[in-house]
1. Hey, any hits in the range 176-194 for a residue that's of a type in the set (Ser, Thr, Tyr) and in contact with a strand residue (DSSP E or B) (Cβ under 9 Å, 6 or more places away or on another chain)?
2. Is at least one residue of the range 51-61 within 18 Å of ALA161 (Cβ to Cβ), in the same structural domain as LEU126 (by TED's automatic domain parsing) and modelled with pLDDT under 90?
3. Does GLU318 fit the bill of being within 29 Å of the chain's Cα centre (by Cα), away from ligand 2 (no atom under 15 Å from the Cβ) and under 25 Å from LEU561 (Cα atoms)?
4. Restricting attention to the range 313-336, report how many residues are in contact with a strand residue (DSSP E or B) (Cβ under 9 Å, 6 or more places away or on another chain) and either modelled with pLDDT of 85 or more or within 11 Å of ligand 1 (Cβ to nearest atom) (or both).
5. Mind listing whichever residues of the range 619-642 are at pLDDT below 90, of a type outside the set (A, V, I, L, M) and either in contact with a Leu (Cβ under 9 Å, 6 or more places away or on another chain) or within 18 Å of GLY465 (Cα to Cα) (or both)?
6. Looking at the range 91-112 only, could you name the residues that are more than 18 Å from GLY78 (Cβ to Cβ) and in a strand (DSSP E or B)?
7. Where residues in the range 573-587 are out of contact with any strand residue (DSSP E or B) (no Cβ under 8 Å at 6 or more places or on another chain) and in a loop (DSSP other than H, G, I, E, B), which of them is surrounded by the most Cβ atoms within 10 Å (Cβ to Cβ)?
Amino acid sequence: MSIDLGTRLPDVLGKRSADALANKLDLHTVGDLVRHYPRRYVPRGALTPIAELTVGEHATVVARVEKATVRPMRNRPGRLMNVVLRDDRGGRLSCTFFNPHKLAHLITPGRRALFAGKVSRFRTELQLTHPEFDPLEEGEDIRPFVSVYPAAEKLGSAVIARCVRHVLDLLDDPADPLPGYLRRAERLPELGRALRRIHLPETEAEYRAARARLVWDEALGVQLALALRRQQSLERPAAACPATSGGLLDEFDAALPFPLTEGQQQVGAEIAADLARELPMNRLVQGDVGAGKTVVALRAMLQVLDGGRQAAMLAPTEVLAAQHARSLRALLGPLGRAGELDSAEQATRVTLLTGSLSTTARRQALLDARSGAAGIVVGTHALIQDQVEFADLGLVVVDEQHRFGVEQRDVLRGRGERTPHLLVMTATPIPRTVAMTVYGDLEVSALRELPRGRSPIGTTVVPAGEKPAWLQRVWQRIHEEVAAGHQVFVVCPRVGGDAARKGGAPDDEDAELIDLTDPDLGADADDGADDGAVRRPPHAVLDVAPGLAEGPLAGLRLGVLHGKLPPEDKDTVMRSFDAGELDVLVATTVIEVGVDVPNATGMVILDADRFGLSQLHQLRGRVGRGSAPGVCLLVTDAPAGTRARERLDAVASTTDGFELARLDLELRREGDVLGAMQAGRRSGLRLLSLLHHEEIISTARGYASDIVAQDPGLAGHPDLRGLVDEIVGESQAEYLSKV
Ligand code: ADP
Ligand code: MG
């Protein structure tokens, strides 16, 4: 019988095994099964000789059945099988199996098998009670490694291993989709060999090489899918807007009151080059809070305006949209006051579009966008996507939403047949590999330095549970900041004002900001909750604010900001805080992104363990934006030594967002990140790690681009086309195009 990767498992295996593999592990074909890789390998050396067993340990022994007797149990119905085992070195051990009717024919004298279980003592003898049992073919146990498979209930690793061995025996080496030149250049074993060796390695080097090769399949499959998509996007080109001289951008640069940082210049040049091309730009600019991303974005917008097109800037919340509009207008000065008396000659107009505009104002704004009178339109994602038509949109700048995708761009394209360029700005550092894959093929530019004159932020973890007195010191510290003429944020995970919620996730409903799939947010489940203690609900703005006003912060001017406030109230509160009319702002994470009040120097985050790591970093970025040093106090009840505390310590240990992003990825266990990509569907991604395979992913990207450039639809590479479908999956390829 000869089989291939497409052969259905019921045609090769017994019905029982095939059913179990299908139902429990969703494995249906030979290809599925051989891509079900071992999780780890137990070196043969780790099998314990019987003579060295100790009571209480969980041991695996290889031994031969010397004697097996079945008898009825004494005090209960049912039967009992007593088995005496002897290993190579002469060690003797007894095992008991209850109700052994299914096993009796397998456990016969002379049979060699692997037995695993907990060692106990019965009278003077050591024994294993109802151990796991895996019969070995003669000679089979000389394999140097036992492959341990991801298993399921009633479908143990040993059974899977046996099915895999059976299938590999029958399988002819499959055609290798990786081109020979690539395999030789990267020194990768052929597919057939790699598959055999990942399951049945003779040496550690063999399974390492096999894994490396199979990781390549995945990396190349993903990168080919992305390269195909890039290729397709050329069918709907963007408007090329090369830099011109004597335009708005030149005038703006000439009037800029500060020199651009080196990073701003460099990233600016990358963007300028992208905008000059017809290939739609897809770029992520990441820079820590305060790194000066707005200027970078504005300069990009001006280049596009100089090219005769419009630009849109999308913010996650209304507060932020309003703030962006204000800062763009401030930066532009007379250049942004078209139609006003003191405007510059070639001035443009910044139009704010939010839900809180009056009907007339809104109609006018929509009209200006459609006619092209508005050069720059600023609003929230939702609003602009749903309602605005542009005369000729050349660039979309998206603030803090990484998953802005092709589809959303299509909506914005409006009547113009051209795809707008896309610039995403974020203070959340995203590893390059994640940006390139999960977030849909974004090129990454980084602003690593802060403009000069920025102050350091000191971060301290306040263990309120262990040291309640420290909390007093926190409020005292706020008074000190205010007395020095500064302002302070107090951040809570919840808005409150309703019945206490279950669970610990922050619930701000301005929560486009909060990634509820962020595994960090659920992380406290591992920490305190499993001791059965009931956790109090997390602090809520609407409870904390009055408590502080009457208690420890009496005498200070307190404001409240959260997502449930009507937009105009939010704006009013932000303006009074901005104007210094409030000392303390008790808020939810609405202030997470972009809020820029240079006089704010202090931040207290209550129940800090309820927030994600990058979220904390962003929140902290709201202080220390002026010349005075900032202080951030992370208040938590999480006990020392828990994972929650580790994360807080990490945030306190560094202000380098890039370092934190790495820590974050490590703490999350990388699978979660790719998990977002898999979105619960089956995909061929099993080994690829965004953390560990950065190098391979980059190299694969290069190969993929070359291959697709020469063969745009992969028509000449059916094997590679197949690889894309297998690794990325057809539904997945579709998903990728929407990320
Ligand atoms: P973020 O990257 O967090 O969006 P912003 O763009 O809001 O940062 O910039 C923060 C502040 O720094 C703003 O007040 C901005 O005008 C100022 N700024 C930006 N670039 C420079 C620079 N090169 N030199 C001095 N100040 C700058
Ligand atoms: Mg910003």
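The values are calculated or read from the model by the stated rules, or taken from the named source; none is laboratory data. Just so you know, these numbers come straight off a predicted model, no measurement behind them. Methodologically, a virtual Cβ is constructed for each residue, glycine included, from the backbone with ideal geometry; neighbour enumeration extends over all protein chains shown.
1. no
2. Yes, because at least one residue in the range 51-61 is within 18 Å of ALA161 (Cβ to Cβ), in the same structural domain as LEU126 (by TED's automatic domain parsing) and modelled with pLDDT under 90.
3. So GLU318 fits the description; yes.
4. Matching residues across the range 313-336 total 14.
5. ARG620, PRO639, GLY641, THR642
6. ARG92, LEU93, SER94, ARG112
7. Filtering the range 573-587 for residues that are out of contact with any strand residue (DSSP E or B) (no Cβ under 8 Å at 6 or more places or on another chain) and in a loop (DSSP other than H, G, I, E, B), the one surrounded by the most Cβ atoms within 10 Å (Cβ to Cβ) comes out as GLU581.
To keep it simple, each residue is scored yes or no on (1) farther than 30 Å from ARG71 by Cα; (2) in contact with a helix residue (DSSP H, G or I) (Cβ under 8 Å, 6 or more places away or on another chain); (3) in contact (Cβ under 8 Å) with a residue 24 or more places away in the chain.
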position	(1), (2), (3)
LYS118	no, no, yes
LEU136	no, no, yes
ARG143	yes, yes, yes
GLU153	no, yes, yes
ILE160	yes, yes, yes
